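The values are calculated or read from the model by the stated rules, or taken from the named source; none is laboratory data. Not measured: the values here are computed from a predicted model. Every residue, glycine as well, gets a Cβ built from its backbone with ideal geometry; the counts of neighbours run over all protein chains shown. Ligands, DNA and RNA are stripped out before the accessible areas are found, and what is left, the full protein with its side chains, is counted by its heavy atoms. Shrake-Rupley method; radii C 1.70, N 1.55, O 1.52, S 1.80 Å.
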Amino acid sequence: MLADEVDYVIGVDTHRDQHTLAVVNAPAGAVVAETVVRATARGYADALRFAERHACGVRAWGVEGAGHYGAGLTRYLGGRGETVLEVGRHARGERRLRGKDDPLDAIRAARTGLAAETLTLPRSGERQEALRVLLLARRSAVDVRRVALVQLRSVIVTAPEQLRDELRRLSVTQLIRRCSRFRRSHSRTPNELAIVLALRSLARRIDAAEADELEREIIGHVRALAPQLLSESGVGPIVAAQLIVSWSHRDRVRSEAAFARLAGVAPLPASSGQTIRHRLSRGGDRQLNRALHTVVLHRRQHDAATRSYIARRVAEGKTTREAIRVLKRYLARHLYRVMQNATPLTT
């Protein structure tokens, strides 16, 4: 427990323009001092001076939102040898019962850090941060493409009969190519012209190479950090990137069991009477959980050993869903060890 290792914890409630700090004494949990600093380089320096003045013993920082609004402060403190821990958001029920404002949130962040048995270090590494933002941009590009394809088909349904009959016979690739080549023509009625222009706009949006370009960048970073991941069955560049972003760096996650908990695949008891069973946690990093699920689905379709394992588990009385849960737990253990043993070209 952190309370046994430090004299003070500085809790930080982060926002875009300013951060609220609260110094809490470790033995008693009492609030020693509070302040507000700007979310700028000068403000970060003010925060460190504040800590040196009011928490001059062994100290740690509990930063809420260390990967978002608190990223700049986290980098600043880490570069000056300070111990920084990532603190999760507080439950709505607690805020509803005990109230909410920035000083209260900073105090809660400090006390949450004090009580924590498992200490979570913030993500770090330039390539890891690059992967995070590239994944974010690619996810947005894929979502836009998916929505545009649905809209394209919807417009075709209401198009004039001759145009609808022409387009409905085409495959997706042919459809996008055909629609992207439509031209403005004065021989069309205003309604037909509007539909043609809408189809062209949507087709060009679908055909944009944003996602492919981003994926090429992602592959380069994955190969530099953990190229062994790409040799694993079902692990492509996007899944590998998400694994690296969640894991971040060696020693951030202290064990494979902690990584499984982070991924939401650690089994939780769900037994009753003579029925002994477990279920998976519904918490954790859901993007990481989705990445593991993607690998299991690929192996279930293409890997004979995985299909055999699921069949054996079903024969023993488990459901297919339960067998997949066990596989996700195994994958978390295995892929964690792959990343821990990876030899990156650079971090």
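Brief remarks follow.
- Restricting the stretch 288-312 to residues that are surrounded by fewer than 16 Cβ atoms within 10 Å (Cβ to Cβ) and of a type in the set (S, T, N, Q), the residue that is nearest to Leu229 (Cα to Cα): Gln301
- Residue within the stretch 324-344 that is farther than 18 Å from Val235 by Cβ, more than 22 Å from the chain's Cα centre (by Cα) and either of a type in the set (Phe, Trp, Tyr) or not in a helix (DSSP H, G or I) (or both) present: no
- Residue match in the stretch 280-299 (condition: in contact with a Leu (Cβ under 8 Å, 6 or more places away or on another chain) and part of a strand (DSSP E or B)): yes
- In a residue-by-residue description of the stretch 212-223, the property of being loosely packed, with under 15 Cβ neighbours inside 10 Å and closer than 22 Å to Gln151 by Cβ applies to at least one position.
- Every condition in (1) at pLDDT below 95; (2) part of a loop (DSSP other than H, G, I, E, B); (3) under 22 Å from Arg139 (Cα atoms) holds for Ala224 except the one numbered (2).
- For the stretch 79-94, the count of residues that are closer than 22 Å to Gly29 by Cβ, open to solvent by 60 Å² or more (accessible area, probe 1.4 Å) and either more than 26 Å from the chain's Cα centre (by Cα) or at pLDDT 90 or above (or both) is zero.
- Segments classed as strands (runs of 3 or more DSSP E), wholly inside the stretch 1-83, with at least 2 members that are in contact with a strand residue (DSSP E or B) (Cβ under 8 Å, 6 or more places away or on another chain) and among the hydroxyl-bearing types (Ser, Thr, Tyr): 8-14
- Candidates Ala148, Ala159, filtered to the one that is open to solvent by less than 90 Å² (accessible area, probe 1.4 Å), in contact with a helix residue (DSSP H, G or I) (Cβ under 8 Å, 6 or more places away or on another chain), assigned to a helix (DSSP H, G or I) and not aromatic (Phe, Trp, Tyr): Ala148
- Remark: pairs (first residue in the stretch 114-140, under 23 Å from Gly220 (Cα atoms) and in a helix (DSSP H, G or I); second residue of a type in the set (D, E, K, R) and modelled with pLDDT of 80 or more; Cβ separation under 7 Å; 6+ apart in sequence or on different chains) = Leu134/Glu217; Arg138/Glu215.
- Number of the condition not met by Leu262 [criteria: (1) assigned to a loop (DSSP other than H, G, I, E, B); (2) at negative phi; (3) buried (at least 16 other Cβ atoms within 10 Å of the Cβ)]: (1)
- Which numbered condition Gly273 misses (of (1) open to solvent by 60 Å² or more (accessible area, probe 1.4 Å); (2) among the small types (Gly, Ala, Ser); (3) more than 18 Å from His334 (Cβ to Cβ); (4) modelled with pLDDT of 90 or more): (4)
- The selection criterion, being out of contact with any strand residue (DSSP E or B) (no Cβ under 9 Å at 6 or more places or on another chain) and assigned to a helix (DSSP H, G or I), holds for Ser246.
- When residues of the stretch 198-216 are limited to those that are of a type in the set (Asp, Glu) and in contact (Cβ under 8 Å) with a residue 24 or more places away in the chain, the one nearest to Arg164 (Cα to Cα): Asp207
- Out of Ile195, Ile219, one residue alone is part of a helix (DSSP H, G or I), touching a residue at least 40 places away in the same chain (Cβ under 8 Å) and among the aliphatic types (A, V, I, L, M). It is Ile195.
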